[in-house]
Each structure stands twice: as C-alpha cells, then as structure tokens.
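Structure first, commentary second.
The values are calculated or read from the model by the stated rules, or taken from the named source; none is laboratory data. Being a predicted model, the structure only gives us computed values, none of them experimental. Quick reminder, even Gly has a Cβ in these numbers, built from the backbone with ideal geometry, and neighbours come from all protein chains shown.
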Amino acid sequence: MTTALAPSSTLSAADRCDRCGAQAYVRVTLTSGGELLFCAHHSREHAEKLRNIAITIHDETGRLDASPTVAAEDER
C-alpha cells in the first residue's frame, strides 16, 4: 500500500499561531496526526522539539523577506 500526502496549502493571514495568535508562517504535521501552526518567532523557539515529533514542517518564513507588492495606479 502506498500513501501519498496532499501538498500543504499556502498559509494565509487567517492562519494564526497556536502559541500567541500572530500570523502563522509554519505548519507542523505531527506524527500523532495533529497539526500545529506557529509564527516565525515561536517556530524558531521550538524548532528542535518540533523536529522530533513532526512528519512534515511547512515553512513559509521566507515570505517575510519578500518585497511588498504595490497596487497598480488604477487599483488605488
């Protein structure tokens, strides 16, 4: 039997850190089947422990470094 994991969807502004409520940039899928969301700060703080209990860690913290998009003149 082969099991395939569905690709994780991109985290949005509605996804919140389970620790503090800030915008989540990291999704951790646990070996127990659960899922946790973390902001960049808390994912770094708990990274070592999370690696020990995670199946996957979907990290979008690189988006924090991206240049903001600017709306076209006609969209303002």
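Counting the residues of the range 36-65 that are within 12 Å of the chain's Cα centre (by Cα), in a helix (DSSP H, G or I) and in contact (Cβ under 8 Å) with a residue 12 or more places away in the chain gives 7.
Residue by residue, here is whether (1) crowded, with 17+ Cβ neighbours inside 10 Å; (2) in contact with a Lys or Arg (Cβ under 9 Å, 6 or more places away or on another chain); (3) at pLDDT below 95 holds:
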| position | (1), (2), (3) |
| --- | --- |
| Arg27 | yes, no, no |
| Leu30 | no, no, no |
| Gly33 | no, no, yes |
| Leu37 | yes, yes, no |
| Ala40 | yes, no, no |
| Gly62 | no, no, yes |
| Asp65 | no, no, yes |
| Asp74 | no, no, yes |
